[in-house]
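Remarks on the structure that follows.
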Amino acid sequence: MTVTSVAIADLAARLDEAAVTGTPIPQLAADHGIDVDTAYHVQQALVDRRLARGEHLVGAKMGLTSRAKMAQVGVEEPILGQLTDTTVVPDGGTADIGGLIHPRVEPEIAFLLDRAPTPGTPFTDAVRAVAPALEVIDSRYANFTFSLPDVIADNTSAALFTVGAWRPVPDGVDNLGVLLEIDGRTVQTGSTAAILGDPRRALAAGVALAGRHGPALRAGWIFLAGAATAAVPLAPGAQVRATVQGLGTASFTTTGGAS
Ligand code: OOG
Ligand code: MG
């Protein structure tokens with residue numbers, strides 16, 4: 001089925017409005033014949049609406065790069081999304097989740113891109129620094145339930161993120177312990193080994209997806225490799241902290257209330 005550019009713009013508008021108003025919507029892909037390729041076009045139209053409102057791209061994110069994440073949402077394929085400046089929460093700062101629908105938080109590892117990586121760029125050439133990170137995801141679909149094209153169109157559920165202090169790239173990033181704490185209690189533990197066996201593979205996968213579906217990754221961008229553990233529901237007034245072994249922590253406190 002051919003999906004017209006009018007239909008793509010309309011679906012992007014629906015997803016955008018769901019995010020802006022904090023109102024969940026039904027899944028779109030099955031009813032509108034949206035395949036993976038078209039879903040990335042919807043994602044681009046959605047992000048373009050935000051850029052037209054003055055937001056700027058600051059990075060890209062992988063999703064569904066670990067078994068724990070795939071199992072949690074029932075989608076078994078890594079996906080690529082886009083990160084804008086208004087979704088950055090400073091490390092140690094306050095994350096306002098009041099306008100979100102059903103936010104969840106997950107621990108991440110972030111890469112700072114030294115140059116625009118292309119297929120075959122060695123990891124140590126592509127990446128200038130690494131950091132622990134937190135991502136708040138918030139599916140715009142009712143019940144946090146979606147198909148692969150649905151979640152791609154919804155910019156991979158991206159909502160907010162925090163990056164801790166950048167560190168030089170350590171000798172290995174492939175087997176670092178990952179911890180997620182809420183209010184001082186450990187709620188998830190894992191290892192970066194869960195991220196495609198080695199989070200460097202997440203960058204390679206992101207480069208490949210960007211090559212097929214754009215936009216190309218850029219020098220200076222932040223790249224989130226995808227959570228090593230399942231995501232955890234997030235309430236207001238929570239103190240949230242991710243630790244990645246050897247890299248330190250990223251943290252925020254939540255305010256607001258789920259609408
Ligand atoms: C999709 C986003 C997944 C990750 O790190 O795996 C993601 C979702 O779970 O809603 O960001
Ligand atoms: Mg994530």
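Looking at the structure I just gave you, is residue 30 open to solvent by less than 50 Å² (accessible area, probe 1.4 Å) and either of a type outside the set (Val, Ile, Thr) or assigned to a helix (DSSP H, G or I) (or both)? For residue 30, the condition - open to solvent by less than 50 Å² (accessible area, probe 1.4 Å) and either of a type outside the set (Val, Ile, Thr) or assigned to a helix (DSSP H, G or I) (or both) - is not met.
A quick yes/no check of all residues on (1) open to solvent by 10 Å² or more (accessible area, probe 1.4 Å); (2) under 24 Å from residue 44 (Cβ atoms); (3) without any contact (Cβ under 8 Å) to a residue 12 or more places away in the chain; (4) part of a loop (DSSP other than H, G, I, E, B):
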| site | (1), (2), (3), (4) |
| --- | --- |
| 181 | yes, no, no, no |
| 204 | yes, yes, no, no |
| 215 | yes, yes, no, yes |
| 220 | yes, yes, no, yes |
| 237 | yes, no, no, yes |
| 249 | yes, no, no, no |
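If you go through segment 147-166, how many residues are open to solvent by less than 20 Å² (accessible area, probe 1.4 Å) and either over 17 Å from residue 108 (Cβ atoms) or within 13 Å of ligand 2 (Cβ to nearest atom) (or both)? Residues that pass the stated criteria total 12.
Out of curiosity, is residue 170 touching a residue at least 40 places away in the same chain (Cβ under 8 Å), in a loop (DSSP other than H, G, I, E, B) and either under 23 Å from residue 39 (Cβ atoms) or in contact with a Ser or Thr (Cβ under 8 Å, 6 or more places away or on another chain) (or both)?
no
For segment 1-21, the criterion of being touching a residue at least 60 places away in the same chain (Cβ under 8 Å), touching a Gly at 6+ places or on another chain (Cβ under 7 Å) and of a type outside the set (Lys, Arg) is met by no residue. Somewhere in segment 90-113, is a residue within 16 Å of ligand 2 (Cβ to nearest atom), open to solvent by less than 10 Å² (accessible area, probe 1.4 Å) and of a type in the set (Asp, Glu)? Checked against the condition, which is being within 16 Å of ligand 2 (Cβ to nearest atom), open to solvent by less than 10 Å² (accessible area, probe 1.4 Å) and of a type in the set (Asp, Glu), segment 90-113 yields at least one hit.
Taking every residue in segment 43-71 that is on the phi > 0 side of the Ramachandran plot and within 11 Å of ligand 2 (Cβ to nearest atom) and pairing it with any residue that is open to solvent by less than 10 Å² (accessible area, probe 1.4 Å) and not in a loop (DSSP other than H, G, I, E, B), at least 6 positions away or on another chain, the pairs with Cβ-Cβ distances below 9 Å are 64/79; 64/151; 64/156. Residues of segment 114-139 that are surrounded by fewer than 20 Cβ atoms within 10 Å (Cβ to Cβ) and among the β-branched types (Val, Ile, Thr): 118, 121, 124.
All of 23, 2 fail the test of being at pLDDT below 95, part of a loop (DSSP other than H, G, I, E, B) and open to solvent by 60 Å² or more (accessible area, probe 1.4 Å), apart from 2. Across segment 36-63, the qualifying residues are those that are surrounded by fewer than 23 Cβ atoms within 10 Å (Cβ to Cβ) and among the hydrophobic types (A, V, I, L, M, F, W, C), and the one among them that is farthest from ligand 1 (Cβ to nearest atom) is 52. For residue 142, state whether it is touching a Lys or Arg at 6+ places or on another chain (Cβ under 7 Å), open to solvent by less than 50 Å² (accessible area, probe 1.4 Å) and either away from ligand 1 (no atom under 16 Å from the Cβ) or among the small types (Gly, Ala, Ser) (or both). No; evaluated as a whole, the condition is false for this residue.
The values are calculated or read from the model by the stated rules, or taken from the named source; none is laboratory data. In this text the structure is predicted, and so the values were computed from the model without any measurement. Neighbour counts are summed over all protein chains in view; Cβ atoms, including those assigned to glycine, are modelled from backbone coordinates with ideal geometry. When the accessible area is computed, the model is the full protein with side chains, heavy atoms only, and any ligands, DNA or RNA have been set aside. Shrake-Rupley method; radii C 1.70, N 1.55, O 1.52, S 1.80 Å.
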